[in-house]
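Bear in mind that the values in this text are calculations on the coordinates, not laboratory data. Remember, predicted model here, so these are calculated numbers, not experimental data. In this analysis, Cβ positions are derived from the backbone assuming ideal geometry, glycine residues included, and neighbour counts consider all displayed protein chains.
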Amino acid sequence: MEEKPVHDTSGVRSSTDIHLLFQKKFHENLKRSCLASYSVKLRYCPTNGILPNELVEIPKTDHLHFFNGYVQRALGYTIEDLAMENGDQGGELTLLLDGAKNFSHQKKRYEVLSKKLDRIRIWSIGPLEGLPPNIDLIHPVHPRLTKYRFYLFRNLKLEVVFVCKQLNRATEISAQKFIGFCSFDPFIVHSLRWKFYLLSSGIEKIINHWEKFFLWPTFRIQEIENFINTKLNSYFSEKS
């Protein structure tokens, strides 16, 4: 299909509207997964590297966060919801998924999306069966990308990207640990889109550049979890 330009900003939602819609959709998706969930907003310390800053219910855009598989899934669904509700002007949805286990119950959802959007491209770690013919599927992805999740939507109304990296090898969603961020900044969205699409070539040097570009910080997961344990009781008592 012909790709629609996104440089015309006449119909773009305001930043405030986008953030409110994002928060609303995230709440709805998180409640389906886990009622009591949270993210850890991280900060950089010149002497001690990456440190936990605060517990937040909704990850703040353009900030690095540490979170579990429930939050990761809710954030992915939120990007898809934004595409669903803002796809009347078409648009492009790009996904890097972890295979059929978390996709089979989403088929009807993607069928609807494929009729609204100009383009859907799915990079998949595992095979996906029964996709509509107008969805581009790239499988298998490079083995080095199996630890990443990527969701990007862009059209004339809004642009959003969510990218994260799994820090452990857990397969159970409650045990998975991620680091990542979400952004509505058009420059970040376009930059990540360009770099991600280079990965389809499968060249090892491009994969290396992808990981060096993000410079995901290294830290001990136990340090973050110790912080969570000291803050958790007071955090949820404030929410109740």
Q | Cα-projected label distance for His105 with Arg144, points at 7 Å along beta-carbon direction, nm | A | 3.5
Q | Label-to-label distance, nm, for residues given as Glu28 and Thr230 (7 Å Cα→Cβ offset) | A | 3.9
Q: For segment 173-181, just list the computed ³J(HN,Hα) in residue order, Karplus coefficients 6.51, -1.76 and 1.60, θ = phi - 60°, integers in Hz, with x standing in for Gly and Pro.
A: 4, 5, 9, 6, 10, 10, 10, x, 7
Q: Work through the residues other than Ser37 whose Cβ is under 10 Å from its Cβ and net out their charges, Lys, Arg +1 and Asp, Glu -1.
A: 0
Q. Can you run phi through the Karplus equation (6.51, -1.76, 1.60; θ = phi - 60°) for segment 146-159 and list ³J(HN,Hα) in whole Hz, with x for Gly and Pro?
A. 5, 8, 9, 10, 9, 9, 9, 10, 8, 7, 6, 8, 7, 9
